[in-house]
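> Mind having a look at this structure? Questions to follow.
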Amino acid sequence: MDALLALKARRSVGSYKPDPVPPKIVEDIVDCGLLAVTALNLQPWEFVVAAEMESRRQLAEMIDTGRFIGEAPVCVAVFCRDTKYYLEDGSAAIQNMLVAARAHGLGSCWVAGDKKPYFARVGEMLGMALQTHRAGCVGLFHRTTLVATQEIALRSAALGEVLAEVQGRFYVIGHADDRSGR
Ligand SMILES: Cc1cc2nc3c(=O)[nH]c(=O)nc-3n(C[C@H](O)[C@H](O)[C@H](O)COP(=O)(O)O)c2cc1C
């Protein structure tokens, strides 16, 4: 998918299929995060990919603003060392991954984050000692129920029509329900 279209078509979604995401695609999305802009080129981050059901189930129990993680095929957590610009760096990495996921035809949702009370428990569970990784963000991506309709629309319509169609579908199937739970 064209980069500009992926940027414009990305939306947070909370409704998805349980189908596994091929490892090559997961790697590519994480690569896009690793290649994000970073202050002083410090790259202060660690990425933890939780693709195994039990770890995602445990994460979903802890993360009250993202229970849908339990059903998503993959969750990627981004942790940063406590550098001056950790938040900017971590956020850039997550945004890159969200757009990359969209370009691969996957839905995603960014789930906060180091200001949440659950963050220390998430870090502990994923093996990130918060003495060394005091700050971070959590993102995830998952295949949505909307992939097929989007792909058909994207092939056949001009950009403006495509975005209206994509947003319409998202709000009907995923996003509207999701908003009420946020
Ligand atoms: C820092 C940050 C934290 C977020 N945390 C959550 C969250 O915990 N749960 C959730 O469902 N969405 C979360 N979101 C997604 C936003 O709710 C979403 O981006 C916003 O409603 C706009 O919708 P859009 O992404 O479709 O444009 C977060 C987004 C950001 C940037």
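> Would you be able to say whether some residue in the range 89-109 is assigned to a loop (DSSP other than H, G, I, E, B), within 16 Å of Pro44 (Cα to Cα) and touching a residue at least 12 places away in the same chain (Cβ under 8 Å)?
No, because not a single residue in the range 89-109 is assigned to a loop (DSSP other than H, G, I, E, B), within 16 Å of Pro44 (Cα to Cα) and touching a residue at least 12 places away in the same chain (Cβ under 8 Å).
> When you scan the range 1-30, how many residues do you find that are under 16 Å from Cys75 (Cα atoms), acidic (Asp, Glu) and without any contact (Cβ under 8 Å) to a residue 24 or more places away in the chain? Let's see the steps before the verdict.
First, the residues of the range 1-30 that are under 16 Å from Cys75 (Cα atoms): 12-30.
Right, trim to acidic (Asp, Glu) and you get 19, 27-28.
In the following step, the residues that additionally are without any contact (Cβ under 8 Å) to a residue 24 or more places away in the chain were identified as 27.
Going through the range 1-30 one residue at a time, the tally reaches 1.
> Let me ask you something else. Could you count how many residues in the range 43-80 are of a type in the set (Lys, Arg) and within 16 Å of the ligand (Cβ to nearest atom)? Step through it out loud before you land on a result.
Of the residues in the range 43-80, the ones of a type in the set (Lys, Arg) are 56-57, 67.
Filter once more, so that each one left must be within 16 Å of the ligand (Cβ to nearest atom): 56, 67.
Number satisfying all stated conditions: 2.
> Also: Considering the range 4-17 alone, what residues qualify as being surrounded by fewer than 15 Cβ atoms within 10 Å (Cβ to Cβ) and either in contact with a helix residue (DSSP H, G or I) (Cβ under 7 Å, 6 or more places away or on another chain) or assigned to a loop (DSSP other than H, G, I, E, B) (or both)?
First, the residues of the range 4-17 that are surrounded by fewer than 15 Cβ atoms within 10 Å (Cβ to Cβ): 4, 7.
Within the range 4-17, just Leu7 meets the criteria.
> For the range 18-33, name all the residues that are touching a helix residue (DSSP H, G or I) at 6+ places or on another chain (Cβ under 8 Å) and either part of a loop (DSSP other than H, G, I, E, B) or farther than 23 Å from Gly123 by Cα (or both).
Asp28
> Something else now. Conditions: (1) touching a Phe, Trp or Tyr at 6+ places or on another chain (Cβ under 6 Å); (2) farther than 17 Å from Ser108 by Cα; (3) within 13 Å of the ligand (Cβ to nearest atom). Glu88 meets all but one. Number of the miss?
(1)
> Going by what's in this entry, would Ala36 be described as in contact (Cβ under 8 Å) with a residue 60 or more places away in the chain, part of a strand (DSSP E or B) and not hydroxyl-bearing (Ser, Thr, Tyr)? It would help to see each step written out before you state the result.
Numbers: in contact (Cβ under 8 Å) with a residue 60 or more places away in the chain: yes; part of a strand (DSSP E or B): no; not hydroxyl-bearing (Ser, Thr, Tyr): yes.
So Ala36 fails the test.
> If I ask for residues that are surrounded by 19 or more Cβ atoms within 10 Å (Cβ to Cβ) and either within 9 Å of the ligand (Cβ to nearest atom) or on the phi > 0 side of the Ramachandran plot (or both), which ones from the range 110-129 would you list?
Listed by number, the residues that qualify are Val111, Gly113.
> Something else about it: How about the range 53-88: which of its residues are assigned to a loop (DSSP other than H, G, I, E, B) and hydroxyl-bearing (Ser, Thr, Tyr)?
As a first pass, look at the range 53-88 and keep what is assigned to a loop (DSSP other than H, G, I, E, B): 63-66, 71-73, 81-85.
Selection gives Thr65, Thr83, Tyr85.
> Further question: What's the total number of residues in the range 67-80 that are buried (at least 18 other Cβ atoms within 10 Å of the Cβ) and more than 11 Å from the chain's Cα centre (by Cα)? Give the steps one after another, and end with the answer.
So the first thing to find is which residues in the range 67-80 are buried (at least 18 other Cβ atoms within 10 Å of the Cβ), and the list is 68-69, 72-80.
With the extra rule that they be more than 11 Å from the chain's Cα centre (by Cα), the set shrinks to 68, 73, 79-80.
Going through the range 67-80 one residue at a time, the tally reaches 4.
Read-outs throughout are calculated quantities, based only on the coordinates presented, and are distinct from any laboratory measurement. Here the structure is a predicted model, which is why all the values come from computation and not from measurement. Cβ: placed from backbone, ideal geometry, glycine included. Neighbour counts: every protein chain shown.
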